[in-house]
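> For reference, the structure I am asking about is given below.
The values are calculated or read from the model by the stated rules, or taken from the named source; none is laboratory data. Note that the structure is predicted; figures quoted are calculated from it, not measured. Please note that ligands, DNA and RNA were not included when accessible areas were found on the heavy atoms of the full protein model with its side chains. Shrake-Rupley method; radii C 1.70, N 1.55, O 1.52, S 1.80 Å.
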Amino acid sequence: MAQHVAQPTATTPVAPAKLPLTAIAPWAAFFGILMLVLLYFVGAEQGATSVISGADVHEWVHDGRHLLGFPCH
């Protein structure tokens with residue numbers, strides 16, 4: 001029984017498709033705004049700048065606040 005070994009053939013390198021900036025910009029803006037909102041809720045949602053009354057948001061993000069180095073006590 002003979003075994004056949006595949007021989008490499010010469011191929012041209014394949015270049016990755018370019019993604020236009022106009023396709024990336026809306027998603028970058030969306031995620032940028034989303035990250036700023038999340039940063040606000042983790043870092044500043046308490047006290048005088050509070051958008052939501054009470055301490056619920058503070059308690060939900062309490063551990064994340066300490067993990068990111070924000071003081072809260």
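> Do the conditions hold for LEU36, that is, is it open to solvent by 90 Å² or more (accessible area, probe 1.4 Å), within 30 Å of PHE70 (Cα to Cα) and at pLDDT 85 or above? Give the steps one after another, and end with the answer.
Working: open to solvent by 90 Å² or more (accessible area, probe 1.4 Å): yes; within 30 Å of PHE70 (Cα to Cα): yes; at pLDDT 85 or above: yes.
It is true that LEU36 is open to solvent by 90 Å² or more (accessible area, probe 1.4 Å), within 30 Å of PHE70 (Cα to Cα) and at pLDDT 85 or above.
> Mind checking whether some residue in region 21-29 is among the hydroxyl-bearing types (Ser, Thr, Tyr), modelled with pLDDT of 85 or more and open to solvent by 90 Å² or more (accessible area, probe 1.4 Å)?
The first filter runs over region 21-29 and keeps only residues among the hydroxyl-bearing types (Ser, Thr, Tyr), leaving 22.
Going one step further and asking which of them are modelled with pLDDT of 85 or more, we end up with 22.
Imposing the further condition that a residue be open to solvent by 90 Å² or more (accessible area, probe 1.4 Å) reduces the set to 22.
The answer is yes; a qualifying residue exists.
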